[in-house]
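One structure is given here, and the rest of the page talks about it.
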């Protein structure tokens, strides 16, 4: 078990939960569902069976103080700093290379920070992740988690699998498609041999680095030639080399190109906290389907959404209205425009 590691990807600056999530304080460092931040909850979930000493946090340099504040028991080795945001392919590559230097036999799991796992599924989550670790440890395969696909959504990646099974819960992935078109998603769903991509990856370090060297060779070279972390010029070299890596996601940069991918069929449910429509589904609800986080009063109102980090928001005879108050911003919009907040943020930047 000591050669099993987990990397939490905590470096993003998503715009879809603005104004609650901001560039200075993104969602992973906020308490959006309960009394723990997303980072704290993810760490705690993994520490229960991976062990805290083998967990690494991949994070942008500017957010390192937030990680140290929220997980004060971590040592320096546990925080892997990205000098700039270049998406998941370079950040995962850096983490894997640094872990393998310490442990050449490492089996590594990659976990998003913004997944909410309801407590009733914690046991199933652990069981499925351990299945992935066990399979990856004994095979030269990259293992991901396949979630049940319930609609032809274009918000998720798809794993098209071969009908036969490798084991009871593990399927050979035939095609890995990152966020396909509506037509392709419908075709996949009608074929009844697909999962949604769960965004979790487990592999032996040497298997992943072999694939990286083949498909993202410049990224591999630039990060592989970095000096030891303890050396005086590590961070200056990292800043230079990291900025030259091939920018992009692990999905398009690597996973779509591989033929050694397996999927564990998930027995747990997870919520990807990527927008307020999804997030607010975890908040308090009243009999009129109003959703609330903070202090709100709903008078003759229905299907409204409220978030307030201070003060009280009062809805009077409102139908499907959203009010989000965070620090100096108050956003008001119809509920059917809730998914456009990233565009609203861009329009308000600098104003």
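The values are calculated or read from the model by the stated rules, or taken from the named source; none is laboratory data. Bear in mind the structure is a predicted one, so any value in this text is a computation, not a measurement. Here Cβ is always computed from backbone atoms with ideal geometry, including for glycine, and neighbour counts include all displayed protein chains.
Just to be sure, is residue 236 in a helix (DSSP H, G or I), free of Cβ contacts under 8 Å to residues at least 24 places away in the same chain and loosely packed, with under 14 Cβ neighbours inside 10 Å?
Numbers: in a helix (DSSP H, G or I): yes; free of Cβ contacts under 8 Å to residues at least 24 places away in the same chain: yes; loosely packed, with under 14 Cβ neighbours inside 10 Å: yes.
For residue 236, the condition - in a helix (DSSP H, G or I), free of Cβ contacts under 8 Å to residues at least 24 places away in the same chain and loosely packed, with under 14 Cβ neighbours inside 10 Å - is met.
Can you tell me which residues in segment 240-264 are within 12 Å of residue 86 (Cα to Cα) and touching a strand residue (DSSP E or B) at 6+ places or on another chain (Cβ under 9 Å)?
Scanning segment 240-264 gives 242, 250.
I'd like to check something: does segment 331-350 contain any residue that is surrounded by 15 or more Cβ atoms within 10 Å (Cβ to Cβ), in contact with a helix residue (DSSP H, G or I) (Cβ under 6 Å, 6 or more places away or on another chain) and outside any helix (DSSP H, G or I)?
no
Condition first: assigned to a loop (DSSP other than H, G, I, E, B) and buried (at least 24 other Cβ atoms within 10 Å of the Cβ). Now tell me which residues in segment 1-17 satisfy that. Walk me through it before giving the result.
Taking segment 1-17 and keeping what is assigned to a loop (DSSP other than H, G, I, E, B), we get 1-3, 10-17.
Within segment 1-17, 10, 11, 17 qualify.
Out of everything in segment 299-322 that is surrounded by fewer than 19 Cβ atoms within 10 Å (Cβ to Cβ) and in a strand (DSSP E or B), what residue ends up being modelled with the lowest pLDDT?
Filtering segment 299-322 for residues that are surrounded by fewer than 19 Cβ atoms within 10 Å (Cβ to Cβ) and in a strand (DSSP E or B), the one modelled with the lowest pLDDT comes out as 308.
What number goes with the only condition from (1) part of a loop (DSSP other than H, G, I, E, B); (2) surrounded by fewer than 17 Cβ atoms within 10 Å (Cβ to Cβ); (3) touching a helix residue (DSSP H, G or I) at 6+ places or on another chain (Cβ under 8 Å) that residue 150 does not pass?
That leaves (3) as the condition not met.
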